[in-house]
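The values are calculated or read from the model by the stated rules, or taken from the named source; none is laboratory data. If you're wondering where the values come from, they're calculated on a predicted model, not measured in any experiment. Positions of Cβ are backbone-derived with ideal geometry, glycine not excepted, and every protein chain shown enters the neighbour counts.
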Ligand code: GLY
């Protein structure tokens with residue numbers, strides 16, 4: 001099987017002067033994941049590697065650089081799902097964990113659970129995962145924003161990755177700092193299977209981004225996967241899922257979708273969404289800053305995908 005990896009840096013408005021950083025971050029993430037896949041590594045390791053890069057980059061709303069809640073603190077959510085067994089793991093409202101996606105991955109390997117707040121932090125500690133003072137996840141920009149009380153509108157919302165490895169296994173992962181000024185303890189879609197992510201080797205893998213309060217009622221990731229089950233190309237299924245979100249709850253979101261044949265698709269109704277992907281046969285990863293998507297995604301769809 002030809003390995004494929006796709007990452008996103010969040011669906012939202014992105015200021016022109018932040019485009020380059022979004023592009024560079026997504027490229028670095030896809031390259032980290034691709035290193036794993038091209039050496040025959042598994043999709044879960046590739047997804048973790050890619051998302052760890054995004055969680056370390058303050059450009060993105062995940063890990064370091066996450067948006068701050070109403071108490072001026074960072075609380076993060078993350079989840080991973082493996083399509084081979086439908087195994088999953090998730091954390092929500094955790095603090096002081098350097099890489100929430102690594103905790104979600106470890107929980108997935110342990111047993112399917114969503115561990116919230118102290119219980120997620122305790123799991124990370126007990127399993128030797130990297131902890132840090134909770135203040136270490138606060139970036140200077142986010143602190144200034146919170147202190148000034150001015151909401152920055154160009155912060156990309158949530159990061160994610162989907163990957164297919166040489167053994168045909170699909171994995172999805174998603175990680176977020178939630179929404180700006182969210183009440184302490186608020187949890188959105190990211191940690192919820194079917195909403196923030198889904199993976200099934202029989203169909204495909206999906207990671208979503210956007211307004212959790214809208215994504216949850218339309219079960220966005222599973223809705224996109226259901227489009228694949230109905231025979232749609234991933235591009236069409238992704239677009240149909242976003243259309244459903246708009247039609248039913250007037251939400252704003254995006255998703256990336258990869259099917260079991262390695263074909264990719266994405267859609268969003270925000271003004272931008274940074275995306276990067278890589279597969280065998282491409283000389284280098286492809287990245288979109290989000291502004292040029294109509295021709296590119298249409299071209300992929302009309303050519304029947306990447307393969
Ligand atoms: N999609 C991230 C959140 O709503 O929390």
Looking at the structure I just gave you, is residue 142 over 13 Å from the mean Cα position of the chain (by Cα) and assigned to a helix (DSSP H, G or I)? yes
Residue list for the stretch 96-139, restricted to those being part of a loop (DSSP other than H, G, I, E, B), under 24 Å from residue 193 (Cα atoms) and within 22 Å of the chain's Cα centre (by Cα): 96, 98, 99, 111, 112, 113, 117, 129
Cβ pairs under 6 Å, 6+ apart, first in the stretch 182-209 and closer than 29 Å to residue 145 by Cα and free of Cβ contacts under 8 Å to residues at least 12 places away in the same chain, second in a loop (DSSP other than H, G, I, E, B) and within 14 Å of the ligand (Cβ to nearest atom): none
Here is a list: 197, 192, 170. Which entry is away from the ligand (no atom under 14 Å from the Cβ), under 21 Å from residue 109 (Cα atoms) and either modelled with pLDDT of 95 or more or out of contact with any strand residue (DSSP E or B) (no Cβ under 7 Å at 6 or more places or on another chain) (or both)? 170
From 238, 267, 221, 276, grab the single residue that is within 15 Å of the ligand (Cβ to nearest atom), under 18 Å from the mean Cα position of the chain (by Cα), closer than 23 Å to residue 61 by Cβ and at pLDDT 95 or above. 221
Within the group 74, 116, 162, which residue is at pLDDT 95 or above and under 25 Å from residue 5 (Cα atoms)? 162
